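Remarks on the structure that follows.
Read-outs throughout are calculated quantities, based only on the coordinates presented, and are distinct from any laboratory measurement. Because the structure is predicted, anything quoted here is derived from the model rather than measured. Cβ placement follows ideal geometry from the backbone for every residue including glycine, while neighbour counts extend to all protein chains displayed.
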Amino acid sequence: MPCCPSCGLDVKKPGLCAECAGDTNKENAGITKIAKTRKSVHKNIIFLLISHTLMAVIGLLVGYLLFHSQSSKRKDLLEANAGENKEWSENVLIPLGEDVPRYDITNRAILPAMVNKEEFVKYMLANTNEKQRFIDWRWDCVQDLLQWRSIRDERIKEAFLRTPRENFIRKRNLNRAYEHAYMPIGYGATITDPWIVSLMTQTIAPQPYHKVLEIGTGSGYQSALLSELSNFVFTIEIIEELAAETNQLYQEYVKNYPEYGNIRRVTGDGYYGWPEKEPFDRIIVTCSIDHIPPPLLKQLAPEGIMVIPVGPPSGQQLLKVTKHVDEDGIYFDRENLLPRTVHFISFRDQKGERHSTNDDKPEMNTQDGNGDTSEDEMNTPPEDTDSSY
């Protein structure tokens, strides 16, 4: 009788007994399962390798496209302004990193309805929280400035129409927000009249890529206006209480005016500028001094423009200063913007003393009983409305 070759038990037919045959089938099934599992693992590893490689390639492609887009944008900005701004150089390209604007004004649409008052007022009422009486008044004020030619560019006009001066006039003068006069804002400081503000702003004509430094934040109106024209506005205020007050205004209004988020602010002596952020393509000084501060001249970029009131407290010349750099060295062009004097509050240091190279010259009394500049010193627009200054 035949026996099982594995265990030696008698079997009816040659071959494995039933028990040994079952064990063999289980073993073969296990081997098959292991083989299938290994094959599945190999497929998963290959899939993961392929998918991760594809993701890496896609990531690199997206990064390249973003970089290329930013570079193209900066190049387009350069080309768009090359005709009007011969002073363009690589050192004024929009910087990356911490100096990227929080809100890029070049991405917003041009303010519509600038042709007639009715459409402008209608648009502003529908798209802002501003009151109609101020919108009406602002339009009329800008028409005066256009007539007097202190505004000559559409960008400057748009900036003035966008900037609510009533937000920066202190409450006691709110009903005079757009009068052509200097007005006190406390702490011995003033808000400059719209005509002089427009003349100084038109003179420096900042572009979106320009770094603009303002000396004398004051009410905050000038910096707010500059933020409608440049993505990079820097401003310095010497009076700590006034700086804190104006900073609070910016924080209050930035939700409705996101461009104010681009205004970099610091409290300190503006005579020394802001060396950590130099060079500046434009500098605007809103306080008077009897000389041009050397640190500001140093921090002005090649072909940069500064506007500054220079002279004694009794009256100053409003100067446009342009810096030139060539193989022969550094030199400056000076141009008097007006045929008469203007009156700005004095440029003071941390101790409240006037910056001056003529310390023997007496300080003119320009303050009333409240410590604010007297209205007798207010600048007024030109009598000749056809003046091109």
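Brief remarks follow.
- Put the Cα centre of segment 201-215 next to the Cα centre of segment 222-279 and the gap is 13 Å.
- With the simple model of a label 7 Å out from the Cα in the direction of the Cβ, Ala109 to Arg133 spans 3.1 nm.
- Note that segment 103-119 has calculated 3J(HN,Hα) couplings of 9, 8, 5, 6, 8, 8, 6, 5, 4, x, 6, 9, 8, 9, 5, 4, 5 Hz, one per residue in order, obtained from phi through the Karplus relation 6.51 cos²θ - 1.76 cosθ + 1.60 (θ = phi - 60°); glycine and proline are x.
- Residues whose placed amide H lies under 5 Å from that of His210, excluding near-sequence neighbours: Asn231
- For Gly304, the residues whose modelled amide H falls within less than 5 Å of its own, excluding neighbours fewer than 5 places apart on the same chain, are Lys323.
- Each residue of segment 133-139 was assigned a 3J(HN,Hα) from its phi angle through the Karplus curve 6.51 cos²θ - 1.76 cosθ + 1.60 (θ = phi - 60°); the sequence is 4, 6, 5, 4, 5, 5, 4 Hz, with glycine and proline shown as x.
- Cα gyration tensor category, rounded, prolate or oblate, for segment 126-254 with a/c compared to 1.5: rounded
- The residues Asp326, Asp140, Asp104, when put in order of fewest to most other Cβ atoms within 10 Å, stand as Asp326, Asp140, Asp104.
- Fewest-first ranking of Val325, Val254, using other Cβ atoms within 10 Å as the exposure measure: Val325, Val254
- Sorted peptide list for 223-231, 268-276, criterion being average Cβ within 10 angstrom, highest first: 223-231, 268-276
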